[in-house]
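The values are calculated or read from the model by the stated rules, or taken from the named source; none is laboratory data. Being a predicted model, the structure only gives us computed values, none of them experimental. Here Cβ is always computed from backbone atoms with ideal geometry, including for glycine, and neighbour counts include all displayed protein chains. Just so you know, the surface numbers come from the protein's heavy atoms only, side chains and all, with ligands and any DNA or RNA stripped out. Shrake-Rupley method; radii C 1.70, N 1.55, O 1.52, S 1.80 Å.
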Amino acid sequence: MKLTLAGPPHFPPINTVSGVMKQVLYALVPGIAAHVWFFGFGILFQIALAVGFALALEAAMLRLRDRPLKPFLTDYSAVVTAVLFALCMPPLAPWWIALTGMVFAIVVAKHFYGGLGHNLFNPAMVGFAAVIVAFPLDLSQWLAPRQLSPGLPGLWQTAQAIFTGSLPETLSWDALSQATPLDALKTGVAENRLVTEIRDAPIFGDFGGLGWEWIANFYALGGFWLLYRRVISWHVPVALLATVVVITVPMWLMGPDINPSPMQHIFSGALVLAAFFIATDPVSGCSTMKGRLVFGAGVAILTLAIRRFGGYPDGVAFAVLLMNMAVPLIDRLTRPRTYGH
Amino acid sequence: MHDLEVGEHLFRFPGGLKLRHHKQIACRDPLARPDMPEALYLPLQQHQGPVGELLVQPGDRVLKGQPLSRARNDREVPVHAPTSGTIKAIQSWPVSWPPDSEAECLVLEPDGEETWTETTAVQDWRQTDPADLIEHIRAAGLAGLGGAMFPTAAKLRGDWQQVHTLILNGSECEPYISCDEMLMRERPGAIVEGGLILARALGAERVVIAIEDQMGAVDKSLPRALAEYDPDDIYRIVEVTTIYPEGGEKQLIQVLTGAEVPHDGLPQDLGLACLNVGTAAAARDAVIEGRPLIERIVTVSGPGIAHPRNLVALLGTPVRDLLAAAGGLDGDVERLVLGGPMSGLPLASDRIPVTKGSNCILVLRREDTRRDQPVMPCINCGECVRVCPANLLPQELFKYLQAEAYEEADSLDLFDCIECGCCAHVCPSHIPLVDWYRHGKGVLRERGIEDARAQKARQRFEAREKRLSEEKEQLRRRREQREEKLKSGGDAKSEVQAAIERARSKSAGPDKEGDR
């Protein structure tokens, strides 16, 4: 009998990194399906492109850094980064945007800092920030949802648009594209129009943006499943969404003409996605439970500030990156009291 | 809150895990004894603390229950002959701690007669002075049977304030271990009587037995024993929720009282003493029957053993004999664990003997321990934080230890880690966190010792330097004085005068030279 002497515990561990990442991907499926329903196949192309580039870049960096390929390529962390990035892209964004984004996400944000587990910044948001700063125009070309579109582009037309950069002759940008609800709000308020007036536009739905509100609902559905599976803790989503409500409710009650309602805020843009999937990124987030509350609240405050005062219609990416910077300080200030101390 | 009696209201401790119990498989059959081994291997150290004074030599014939070593203080614990026979040798033999090591063991060859030595029981323990009870318990070689093997006498006797409640710990929280459950089913009266004796030794007014809510027939056997042995009704049975590691001393105290044992203190600081139910039964045997601690119940269980069961084993019985008594191995066994699957020690050999703290031998096959994924970097998921019962930040500790920043790990309270293994069990990156913490504690302990040693050496060195320079200085001064005198052309008379004065001052009292 050959005995092995590994230390306790002697049971095999109950979780794996790839298991955690896979569950995050499963949880995104309903939101992605809703996205396809409202905006067509574009998002699937964006996901495929980003995942392909992410894995290729991951493999190249692992090779350069002399790390084993298999465990890190199959941990699905690069896939999660790529999918979260792709979900922030306009459906018909040209292919090289995904490439640029993934270079910044995988090469710069992840491997320059030491690879899995060592990145200070959320890789998907670094990628997004890089492309929105570099290519603001391409990233403002959003499609109108199915209800307002003369016809969503089909598979072949989508592929043509993404890979050639130009639409087939039968389609025109003017007919297809539409400002996002957040864009419309921002420009509208700047033009001194009332929020209620702006909201009369057809791109707005029952409580958020038309289409967007349902995608957000399905993201939330996936998020609840992650909470139930204990893949994420409740601290970040609850703190983030509660802070949005706490800040926007009084503002909306005091000035409903210039301030969007809390529902409008939550159900447009990437806020729900951020609450459950982006700000909950463990590596670049806080370690302590109290710290996670602070982190979530910080993301909410910064997002609202950027939406209100900043140059970008949505501020989630920059809010997350700014809070990433504060993580070491928050962690230090929120250490729990050890038993008996 | 202070008005609440211990166990009157149950509290929660942070973290912990709900684990599958796996206990009943070893409780189906009644207690049995393995065949008498060919030889018993008795480590002289079966407790936390220094070894006692050895009383026998190779070649000596010994009787069952005869002391083989003697305790000179409460930290030492004597070892007794588990059966009658001959001491064949004192030799190095594999032991469980540290892993893969050997220690001095007495080798006792049984003669099969089981002839008892003359034993002395306490006549009427209810009238006996507590100090005499403790003396008796010490002489019987009691050390904590829960696994930590802390000398029982040292726990009972101390200069702390009044201990008001004795907690008997029957909540063995790790999967598979069922020796305490078996004891509570088979000998509940011994536990209850032993608890009363220990309470008298401590001066405690109340006794609380903590059992798990998932235990079998214990909830019937214990109340029956209380009806018989506890006329003054000082006992309380408390069922605690089975959440690993609720049976840890600190966690159990938190569950029963809501209070935390101070990190630099003891349960006694809260007026509590916590002992294992097995220790209570052993105290009863020692005091009422005069029987020293020479045997204990050991669970032999796990997926790799043919017939899991609880055995009454003589101390010194090699694990191999226990495995045989439990039907032998079943399957591709690759690990023997002393203790439970969460915090037990891996055994390097099946020749390792049963000692006073051996509660369970867990037999695991290759497929039970298999780790099919490599260790990955920490992704800071926080699962370890969620399950840590000590409220530590396990992943932060790991990062500091990995960077060899041991002082920082110490400042994050590394030494408050109880090594329960919850963090490592849930870690998706499969980082052997407990191994890291043990390593870190080892380094820090060594450094602590080395620091103290270095400081002493430095002090010695500095004192010596000072002394040498002072001597040099004196020599220089004297030489100068002499030269001065010679220069000033000192005559014989003044020389004589000076010599007389020197002699006078010497006899007047100790001068510097005399001092030295």
**Message:** One residue is enough: does region B:394-402 have a residue meeting the conditions more than 7 Å from chain A (Cβ to nearest Cβ), in contact with a Pro (Cβ under 8 Å, 6 or more places away or on another chain) and surrounded by 21 or more Cβ atoms within 10 Å (Cβ to Cβ)?
**Reply:** no
**Asked** Could you give every pair whose Cβ atoms fall below 7 Å, whose first residue belongs to region B:340-363 and is within 14 Å of chain A (Cβ to nearest Cβ) and within 16 Å of B:K23 (Cα to Cα), and whose second residue is surrounded by 23 or more Cβ atoms within 10 Å (Cβ to Cβ) and hydroxyl-bearing (S, T, Y), counting only separations of at least 6 or pairs across chains?
**Response** B:G340/B:Y176; B:P341/B:Y176; B:M342/B:Y244; B:C360/B:Y176; B:C360/B:T299; B:C360/B:S301; B:L362/B:Y176; B:L362/B:S301
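State which residue is surrounded by the most Cβ atoms within 10 Å (Cβ to Cβ) when the search covers only region B:338-358 and only residues that are in a loop (DSSP other than H, G, I, E, B) and touching a Gly at 6+ places or on another chain (Cβ under 7 Å).
Here the residue is B:V354.
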**Request:** Determine whether region B:106-116 contains at least one residue that is at positive phi, in contact with a Ser or Thr (Cβ under 8 Å, 6 or more places away or on another chain), without any contact (Cβ under 8 Å) to a residue 60 or more places away in the chain and not assigned by TED's automatic domain parsing to the domain that holds B:C274.
**Result:** yes
**Request:** Could you please let me know if B:T299 is buried (at least 23 other Cβ atoms within 10 Å of the Cβ), part of a strand (DSSP E or B) and either within 14 Å of chain A (Cβ to nearest Cβ) or at pLDDT 95 or above (or both)?
**Result:** yes
**Prompt:** Is region B:9-30 home to any residue that is touching a residue at least 60 places away in the same chain (Cβ under 8 Å), among the aliphatic types (A, V, I, L, M), buried (at least 18 other Cβ atoms within 10 Å of the Cβ) and part of a loop (DSSP other than H, G, I, E, B)?
**Reply:** yes
**Asked** Which condition breaks for A:Y228 when tested against (1) of a type in the set (S, T, Y); (2) without any contact (Cβ under 8 Å) to a residue 12 or more places away in the chain; (3) open to solvent by less than 40 Å² (accessible area, probe 1.4 Å)?
**Response** (3)
**Message:** Just to be sure before I move on: is B:D124 modelled with pLDDT under 95 and under 30 Å from B:A204 (Cβ atoms) in the structure I sent?
**Reply:** yes
**Asked** Within region B:317-337, which residues are open to solvent by 30 Å² or more (accessible area, probe 1.4 Å) and either more than 10 Å from every other protein chain (Cβ to nearest Cβ) or out of contact with any helix residue (DSSP H, G or I) (no Cβ under 9 Å at 6 or more places or on another chain) (or both)?
**Response** B:R320, B:D321, B:A324, B:A325, B:G327, B:D330, B:G331
**Asked** Does A:L148 satisfy the criteria of being within 30 Å of A:V283 (Cα to Cα), in contact with a Pro (Cβ under 9 Å, 6 or more places away or on another chain) and open to solvent by 20 Å² or more (accessible area, probe 1.4 Å)?
**Response** no
**Item:** Evaluation of B:V385 against (1) in contact with a Phe, Trp or Tyr (Cβ under 8 Å, 6 or more places away or on another chain); (2) facing another protein chain (nearest Cβ under 9 Å); (3) buried (at least 18 other Cβ atoms within 10 Å of the Cβ) (one fails), failing number
**Value:** (1)
**Item:** Residue identified as crowded, with 20+ Cβ neighbours inside 10 Å, touching a residue at least 60 places away in the same chain (Cβ under 8 Å) and over 22 Å from B:C381 (Cα atoms) among A:L185, A:L194, A:L240
**Value:** A:L185
**Request:** Taking only region B:411-433 into account, find how many residues are within 11 Å of A:P8 (Cβ to Cβ), small (G, A, S) and in contact with a Ser or Thr (Cβ under 9 Å, 6 or more places away or on another chain).
**Result:** 1
**Complete:** Filtering region A:2-29 down to residues that are part of a helix (DSSP H, G or I) and open to solvent by 40 Å² or more (accessible area, probe 1.4 Å) yields A:K22, A:Y26, A:V29
**Message:** Looking only at region A:314-341, count every residue that is over 26 Å from the mean Cα position of the chain (by Cα) and facing chain B (nearest Cβ under 8 Å) and tell me the total.
**Reply:** 7
**Asked** When region B:258-277 is examined, which residues are found to be modelled with pLDDT under 95 and in a helix (DSSP H, G or I)?
**Response** B:P267, B:Q268, B:D269, B:L270
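Give A:F112, A:F121 a once-over and let me know the one that is farther than 18 Å from A:I47 by Cα, within 14 Å of chain B (Cβ to nearest Cβ) and either exposed (fewer than 15 other Cβ atoms within 10 Å of the Cβ) or not hydroxyl-bearing (S, T, Y) (or both). Steps first, please.
Values: A:F112 fails: within 14 Å of chain B (Cβ to nearest Cβ).
Sole residue among the options that is farther than 18 Å from A:I47 by Cα, within 14 Å of chain B (Cβ to nearest Cβ) and either exposed (fewer than 15 other Cβ atoms within 10 Å of the Cβ) or not hydroxyl-bearing (S, T, Y) (or both): A:F121.
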**Asked** B:L444: surrounded by 14 or more Cβ atoms within 10 Å (Cβ to Cβ) and more than 14 Å from chain A (Cβ to nearest Cβ), yes or no?
**Response** yes
